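Scroll down for the structure; my scribbles are underneath it.
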């Protein structure tokens, strides 16, 4: 509860929800001065950067803004694309905060000008990767102001922003490594964090980060896992901690779909809910985008509401019987596998605990054609008249034989073949067939996944599903 209070307080002080993508066509204050910044790293494939400055003062706000602008790229469209991403974030923060300050002054509720400051830091600028953070500070009254850091990790060849997953090999369990590192750091000085931070479980799919030297730096905003006095919490993880290293020379596909997180926390007698719901952005067809987001949220809420109802009824029944009740738990999290080539493929993991030795979890895949908005079925991946079931069954049986050789006790023994409803997701030239706990193996073996490269039989596969 304490954490929720602080999160709410932080939200009210920040006054705006900063997004790295917002509407175009909003002009900044015309009083902009430009200062040339020498790149901190004169390395191969760096970009030149200047500083734009905005300073103004009136009865309702004092503004001091510095933000970066990329210059001298041969591809001017690419240069504009990169600069628009950064400039729009600054514009959004400035305009929204100014508007609130102006309205409060009109209503006679403001006793002093709002302070709006923006500065930035270049963390990495080489190998076609630009990693920077904007520090957005506002003071709106009270004991202190608030700072929100916004990071950009941009592939300067395409102008696309990298998410955390883009920095790693598909074989790297980067979340597990990062989560373990964060837990260990928290345990060294638990007094610096909220009590419930010691139960930290997982980074977000869209977790903010930046690259600095040979480290990937994951950070949490004010009040997220620690009180204001502890500041913005940063965790610097060396590249060497990862089995396959960290990719810094990226080659991200253009016009990718963006996916961010919507978080819903619930605390009721008999139920604790922690929903992390994917929100899709920048799909060209807004109707398709709305339909996808409505579906994703509806599925999560249906899962949540049923568990909450069951948990609250269990408390009443426990009280009637005179036994100690427990809180049911429901949680969702997601992973994005493909967000390009008009294909969106992601999975949502549904976790629940209702008592007993362990909880239960299932994974639901969403494979969507972004041109039509329709679900992609397994048969759609293959050309007509291809006996794809036999092809996949043979591949799965090969992998089961290998898995069973290295498994000491539990065995995968219940696989009889795929069908039209078999679960799968798509990952840039690979399909992954998976089975829920208990489907083909004991619970202890978890969700069973079988990765199948489509390149192995590419003449039978629809071309849009192959790596280009």
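Coordinate-derived values only; no laboratory data. Because the structure is a prediction, the values reported are computed rather than measured. A quick note on method: Cβ atoms are made from the backbone with ideal geometry, for glycine too, and the neighbour counts reach across all protein chains shown.
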Check: Hey, quick one: spin label on residue 313, modelled 7 Å out along Cα-Cβ, who in region 254-287 has an amide N within reach, i.e. under 16 Å?
Finding: 270-271
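Contour minus end-to-end for residue 286 and residue 84, with contour as 0.36 nm per residue of separation and end-to-end as the Cα-Cα distance?
The span from residue 286 to residue 84 would gain 70.6 nm if fully extended.
Using a 10 Å cut-off around each Cβ, can you sort 415, 267 from fewest to most neighbouring Cβ atoms?
Values: 415 17, 267 11.
By the 10 Å Cβ count, ascending, the order reads 267, 415.
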Checklist line | residue 183 paired with residue 202, simple spin-label distance in nm, labels 7 Å along Cα-to-beta-carbon | finding: 1.3 nm
Item checked: Rough spin-label spacing in nm, given labels placed 7 Å along Cα→Cβ, for residue 53 and residue 459 -> 6.7 nm
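To the nearest 0.05, how large is the calculated FRET efficiency for residue 260 and residue 191 if R₀ is 45 Å and r is the Cβ-Cβ distance?
On the way: r = 32 Å, r/R0 = 0.71.
Approximately 0.90, to the nearest 0.05.
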Checklist line | 0 to 90° range, to nearest 10: angle between helix 388-406 axis and the chain longest Cα axis | finding: 90 degrees
Note to self: Neighbour counts of other C-beta atoms within 10 Å: give me 123, 358 arranged from fewest to most.
What the structure shows: 358, 123
Next item on the list: Quick one: angle between helix 76-106 and the longest Cα principal axis of the chain, in degrees between 0 and 90, rounded to 10, please.
Entry: 70 degrees
Item checked: Added length on full extension, which subtracts the Cα-Cα distance from 0.36 nm per residue, residue 106 to residue 451 -> 118.1 nm
Notebook entry, point to check: Sorting 313, 191 on the 10 Å Cβ count, fewest up front, what's the list?
Noted result: 191, 313
Next item on the list: Set the Förster radius R0 to 22 Å, insert the Cβ-Cβ distance between residue 44 and residue 340 as r into 1/(1 + (r/R0)^6), and round the FRET efficiency to 0.05.
Entry: 0.25
Check: Any idea what angle helix 286-321 forms with the longest principal axis of the chain, computed on alpha-carbon atoms, 0 to 90 degrees, nearest 10?
Finding: 70 degrees
Check: For the chain, what is the mean residue ellipticity at 222 nm derived from helices alone (per DSSP H run of n ≥ 4: -39500 (n - 2.57); sum divided by total residues; nearest 500 deg cm²/dmol)?
Finding: -8500 deg cm²/dmol
Next item on the list: Pull out the extension gain between residue 279 and residue 380, defined as 0.36 nm times the separation in residues minus the alpha carbon to alpha carbon distance; nm, one decimal.
Entry: 33.9 nm
